[in-house]
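The values are calculated or read from the model by the stated rules, or taken from the named source; none is laboratory data. These numbers come from a predicted model, not from an experiment. Reconstructed Cβ throughout: ideal geometry from the backbone, glycine too, with neighbour counts over all protein chains shown. Just the protein is used for accessible areas: all its heavy atoms, side chains included, with ligands, DNA and RNA removed. Shrake-Rupley method; radii C 1.70, N 1.55, O 1.52, S 1.80 Å.
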2 protein chains.
Amino acid sequence: MNIQTLKGFRDFLGAEARKRQYVMNTLKRVFESYGFEPLETPALEYEEILTGKYGEEGDKLMYRFEDNGKRRVALRYDQTVPTARFVAQYQNELPMPFKRYQMQPVWRAENTQKGRYREFLQCDADIVGPDSTLADAEILQTIIAAYKALGFSNFSVLINDRSNFEGLSTDAVIAIDKLKKIGEDGVCQEMVDKGIASSKEDAYNVLRSITEKKPTQRLQEITELLQKEGITHPVYSPTLARGLDYYTGLIFEIETEEYPVGSLAGGGRYNNLIGMFAGKQLPAVGFAVGFDRTIEAMEALQLFPAEVMQASAKVLVTVFSKELERKSVELSSRLRSNNISTELWLDSDSKMEKQLKYADAKGISFVAILGPEEVAQDLVTIKNLKARTQQQLPLEKVIEMLLQ
Amino acid sequence: MNIQTLKGFRDFLGAEARKRQYVMNTLKRVFESYGFEPLETPALEYEEILTGKYGEEGDKLMYRFEDNGKRRVALRYDQTVPTARFVAQYQNELPMPFKRYQMQPVWRAENTQKGRYREFLQCDADIVGPDSTLADAEILQTIIAAYKALGFSNFSVLINDRSNFEGLSTDAVIAIDKLKKIGEDGVCQEMVDKGIASSKEDAYNVLRSITEKKPTQRLQEITELLQKEGITHPVYSPTLARGLDYYTGLIFEIETEEYPVGSLAGGGRYNNLIGMFAGKQLPAVGFAVGFDRTIEAMEALQLFPAEVMQASAKVLVTVFSKELERKSVELSSRLRSNNISTELWLDSDSKMEKQLKYADAKGISFVAILGPEEVAQDLVTIKNLKARTQQQLPLEKVIEMLLQ
C-alpha cells in the first residue's frame, strides 16, 4: 500500500501548523477590526455552480465527480464563486453592503512540477455593494493594515486602473503584464509574435502609450484619501495588469523588495462577477492574500514570534519513578493552573535520558525534574535546554521563571 | 441553475462562523496548554488508505472518485486514519510519544433525514505511545479542562473499561450500549431477538452480570490519580460501551443533564489502530469533541460571550455627505487606532436612515454621526442601538465609551 500523501498535498505538524494559525488569526483580527464578517462555505458545491466560471483551464483543473446520490459535484476552486452563490441564495435577507472574509482551502489539479500545490489556503476579503472611491480606499487600507500587523515594515502597494487598458486586446494586456518578468523587449517581441503589433516599433508605441498614462481621476482620489490618512504606500504602476480578465477598475498588488518573488497579495474592483447568480449587477472590490508565499516571506524575514516556532508546551515535567509519579502530576497541575503550557511525561518506567532527548527533539525549552533529592528538599530541578543551564529552585521561583 | 448548497452542507456567516472559531480557539488553547501539537492533513488521500477502515458502512458513505491523473482518491472520513498514515509515513523522525490535536472537516454521505450533516468539523486530541494510567488520566484531564474552558460548569464524565465486556459478542455489546435509550427491557428484548440470549431471563442475567461489575484495577487507579488532582468528575458506568469496536481499555463520554441529548464528547483507549500502517503496535488514547452538538448545547445554555454573538464591528461610522466624508474616514482611523473595531459606511450618497437600518440589521451596537452641526462643535453624535439612547460627545469620550 502507498503510505503517503497525494502529490501536491501536504501535512502540517507543530510549528508548520502554528505558523498558518498565526497568519490566519492575525488577518482575522485586522479584517474584523474593519467590520468584515467571517464566511464559511462548503467544500463541495453543485458542479454547475462552479464550471464555466474560471475559463477552460479552470474546468480542466477542477476536482469534479458524481456523488453517491448521482449528483454532479465539484470541490471549491476559489472563494469568489461560492460567495456569489451565497449572495444570490440569501439576497433577500442579507444586509448590503456585504463585507466578508473567507479563509478556506481550495483544490486545483495543478501541474505540481511548478512547485504549485493542489490543496492550498485562500484568504480573501471583499466589499460587495458600493462602487465608490471610499470602498476602494477602504480595501487598500485593510490590506495595508494586514501586512503591517503581520510584521512587514517595508512593502509597496502597486496600484493601477484597468481602464488604462481600454481598447487593447486581452492578449496585449497579458503581454504587458509580463513587463517585470521579461522586460520591454520581451513584451514587444511577444506582441509581434502574437500578431498584436505589426512591428517592434509599433509594439514599443503601444507599450509607451501605456507607460505614459497619467493616473485616472479615480486613482488620484483614492491616493488622496489614503494620503490624508498618512498612508503613502500606493505606487502608481501603469503597466500593472493582473492576469484575470474580470477586473473593471482599481487593481493592486503588494510586494516587498526584501523578498522579491512576485506579489504577496493582490486584488481590485470587479463589478460584474458577484451578481452573476443573483441576476443583477453587484459592484465589488476585494483582495486575496497569497497565503503560502506570505508565509515563505515571513520565514525568510524572520517575522514569526518565537512562541510560534516552539513546541506547544513550554516545559516538560519528567517522571523520575513510579513512586514519584504523583509528584510530577501535581507539579504539572500547578504549572498549568498558572497558565504555563506543560507536557507531562506519561510513562513512569522511562529513563531520564530518553525524556530529555524527547524534549530536545520536540523543541520544548525547559525540563523539570523531581527526583528523591528534589522532593526531600522541596525543590525542582529546572533545565534550560537552549541555554544548557540548570538550577534547583522552589516551586514559586520555577513559576516565575517560566512565566518570563 | 440550482443556486443552493448541497443537501447536508452548510454556509456559516458572521455569528454562526464566529461561534465555531470561538470553540476552536478555546479548545486549541487548552490542548496546547497540555502539550498537544496541531496537525493538519489533506482533504484527499489515496482511496486505499481510507477504505476498509470504517466497516462496510464507512466504505459506502465515503466520498470517493477518480482524479484527473486516474488515481483513486477519497475525502477525509475521520482524522484517526489520516493520523495513522502520518505516523507511519514519518515514523523515523517523529518524537514519541506523539501528542497531536486536529480540527478539520470530514465528509460522509449520511442520510440527511436524521438531521445529520455531510460536512462537519471533527476535533480530536490523542496521545500515541504510552499505554499507561498516566496517559489515560491525562486525556481525561484534558477533556475536562476543555469543557470547563468552554464554560460548562455542570457536566459528568462517564467512564468504563472495555474489558468489562470480554466474552460478549459485538451484538451483545451493541444492545447493552442502548440501555439509556431503550431501557433494560428493550435491551433484553433485543438480545432475545438477535439470538444472543435464549430467553428474557437469560438476557437479564447477562445484563446484570455487566451492571454488577466492579471497576477494574486500572479504572480505580485512573480515578484515584484524578481525585488527587481535585477532579471528582468521573462516574463509573459499567454499561457504557461506545459503538466503535476498536476500543481496548478505558472508554468515556461527557454529558450534561442541562442539555440531555446524548454525549457531547467521547473517547477511549485504542491500542491496535494507529500502528496499522506502521506495522507495529502503537498504543493510543484520545477523544473527539462532538463539535456541532457542543455548539448547540452552548447556545442553549448561553455560554457564548456577548462579543461572539455581535457583528465584527462595534461601531458604524456613518457618512453624512460627500463634503463631510473625509471627516468620517478620519474618525474611523482614530477609532481603529484605539483598537475599536469600526465599520465605515462606504457610500457618500446614502440617506442616514438607510445607514442606521443597516447597522441594526447587522447587529452593530453603536452608530457614530458626523453632520455639519457636530463638525462645527467638534463633537460626535453616538447612538446606542440596543439601549436606544444617543449623546453628543467629544472624540476622547467616544473612545472611552466604546472601549468599555
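Odds and ends about this structure:
- Residue that is farthest from A:L50 (Cα to Cα) [pool: residues in segment A:81-123 that are buried (at least 18 other Cβ atoms within 10 Å of the Cβ) and among the basic types (K, R)]: A:K99
- Verdict on B:E184 being surrounded by 16 or more Cβ atoms within 10 Å (Cβ to Cβ) and not in a strand (DSSP E or B): no
- Restricted to segment B:324-356, and to residues there that are outside any loop (DSSP other than H, G, I, E, B), in contact (Cβ under 8 Å) with a residue 24 or more places away in the chain and at the interface with chain A (Cβ under 7 Å from one of its Cβ atoms), the residue that is farthest from B:M298 (Cα to Cα) is B:L344.
- Residue that is farthest from the other protein chains (Cβ to nearest Cβ), among those in segment B:295-323 that are buried (at least 17 other Cβ atoms within 10 Å of the Cβ) and farther than 24 Å from A:E32 by Cβ: B:A297
- Test result for A:L250, at pLDDT 95 or above, out of contact with any helix residue (DSSP H, G or I) (no Cβ under 7 Å at 6 or more places or on another chain) and assigned by TED's automatic domain parsing to the domain that holds A:R20: no
- Pairs where the first residue, in segment A:31-56, is more than 10 Å from chain B (Cβ to nearest Cβ) and the second is in a helix (DSSP H, G or I) and open to solvent by 10 Å² or more (accessible area, probe 1.4 Å), C-beta under 6 Å, 6+ apart: A:T51/A:D59
- Filter result for A:L61 (out of contact with any Leu (no Cβ under 7 Å at 6 or more places or on another chain) and buried (at least 20 other Cβ atoms within 10 Å of the Cβ)): no
- Restricted to segment B:12-30, and to residues there that are basic (K, R) and open to solvent by 30 Å² or more (accessible area, probe 1.4 Å), the residue that is farthest from the other protein chains (Cβ to nearest Cβ) is B:R29.
- Matching option when the condition is assigned by TED's automatic domain parsing to the domain that holds B:I231, open to solvent by 30 Å² or more (accessible area, probe 1.4 Å) and among the acidic types (D, E), among B:D131, B:D126: B:D131
- Within segment B:146-162, considering residues that are out of contact with any strand residue (DSSP E or B) (no Cβ under 8 Å at 6 or more places or on another chain) and surrounded by 20 or more Cβ atoms within 10 Å (Cβ to Cβ), the one farthest from the other protein chains (Cβ to nearest Cβ): B:F152
- Residues (open to solvent by less than 30 Å² (accessible area, probe 1.4 Å) and in a loop (DSSP other than H, G, I, E, B)) located in segment B:243-262: B:Y247, B:G249, B:T256
- If you go through segment B:130-153 and keep only what is in a helix (DSSP H, G or I), within 25 Å of B:M298 (Cα to Cα) and in contact (Cβ under 8 Å) with a residue 12 or more places away in the chain, you end up with B:E138, B:I139, B:L140, B:Q141, B:T142, B:I143, B:I144, B:A145, B:A146, B:Y147, B:A149.
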